[in-house]
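The values are calculated or read from the model by the stated rules, or taken from the named source; none is laboratory data. Bear in mind the structure is a predicted one, so any value in this text is a computation, not a measurement. Backbone-built Cβ (ideal geometry, glycine too); neighbour counts: all protein chains shown. The area values use the complete protein model at the heavy-atom level, side chains included, leaving out ligands, DNA and RNA. Shrake-Rupley method; radii C 1.70, N 1.55, O 1.52, S 1.80 Å.
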Amino acid sequence: LLGDFNNWGKKMPWIGSTNVPLVCAGPGIQKDKIINTYVTNMDLAATFLDITGSKMPPKSNNFSSVSFNAFLNGTWSDKKNEYRDYVYSGLTNWRTAIQQINDSVTWKYICCQGECPGDRNE
């Protein structure tokens with residue numbers, strides 16, 4: 001946030017703080033492709049492992065990272081692939097979950113412990 005609602009920095013649960021474009025380039029990644037879906041930075045680990053052909057740790061080891069490589073290399077198919085129903089994020093005293101319902105509807109849930117950071121009415 002650059003002064004939005006009198007707040008500075010990326011520490012608030014508002015769209016300007018939580019939505020960050022992700023740009024990817026390299027061998028095997030489609031050129032000039034825009035993907036309009038939410039991904040989370042915690043899935044970068046699984047994506048990097050997938051791109052390099054490395055073995056994924058078993059889910060039983062509490063490895064919750066999910067690869068989004070199929071989005072990047074153009075092999076994505078709703079019938080064949082699965083990605084998260086929602087993505088989530090948070091800092092100190094707030095958490096947010098974002099779920100894209102369709103191309104025009106996105107739900108966002110914000111939960112704060114105590115008072116939400118930043119006053120949107122200032």
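Checking each residue in region 43-60 for being open to solvent by 60 Å² or more (accessible area, probe 1.4 Å) and touching a Ser or Thr at 6+ places or on another chain (Cβ under 9 Å) picks out Phe48, Asp50, Ile51, Met56.
Cβ-Cβ distances below 6 Å connect the following pairs, each with a first residue in region 39-61 that is without any contact (Cβ under 8 Å) to a residue 12 or more places away in the chain, a second residue that is among the aromatic types (Phe, Trp, Tyr) and not in a helix (DSSP H, G or I), and a separation of six or more residues or different chains: Pro57/Phe63.
What's the total number of residues in region 29-42 that are open to solvent by less than 90 Å² (accessible area, probe 1.4 Å) and at pLDDT below 90? If you could, list the steps in order and put the result at the bottom.
Within region 29-42, the first condition is being open to solvent by less than 90 Å² (accessible area, probe 1.4 Å), and the residues that meet it are 29-30, 35, 37-40, 42.
Filter once more, keeping what is at pLDDT below 90: 35, 37-40, 42.
So the answer is 6.
Here are Arg84, Arg95: which of them is touching a strand residue (DSSP E or B) at 6+ places or on another chain (Cβ under 6 Å) and on the phi < 0 side of the Ramachandran plot?
Details: Arg84 fails: touching a strand residue (DSSP E or B) at 6+ places or on another chain (Cβ under 6 Å).
From the options Arg84, Arg95, the qualifying one is Arg95.
Kindly check whether there is at least one residue in region 40-49 that is more than 19 Å from the chain's Cα centre (by Cα) and more than 26 Å from Lys108 (Cβ to Cβ).
no
Can you find, within region 61-74, the residue that is most open to solvent (accessible area, probe 1.4 Å) among those that are of a type in the set (S, T, N, Q) and within 16 Å of Ala45 (Cβ to Cβ)? Looking at the filtered set, the residue picked out is Asn62. Taking the numbered list (1) open to solvent by 70 Å² or more (accessible area, probe 1.4 Å); (2) more than 17 Å from the chain's Cα centre (by Cα) in turn, Ser77 passes all entries but (1). Of all the numbered requirements in (1) open to solvent by less than 70 Å² (accessible area, probe 1.4 Å); (2) hydrophobic (A, V, I, L, M, F, W, C); (3) more than 19 Å from Met12 (Cα to Cα), Val87 misses one, and that requirement is (3). Residues that are surrounded by fewer than 14 Cβ atoms within 10 Å (Cβ to Cβ) and under 18 Å from the mean Cα position of the chain (by Cα) within region 1-10 comprise just one, Lys10.
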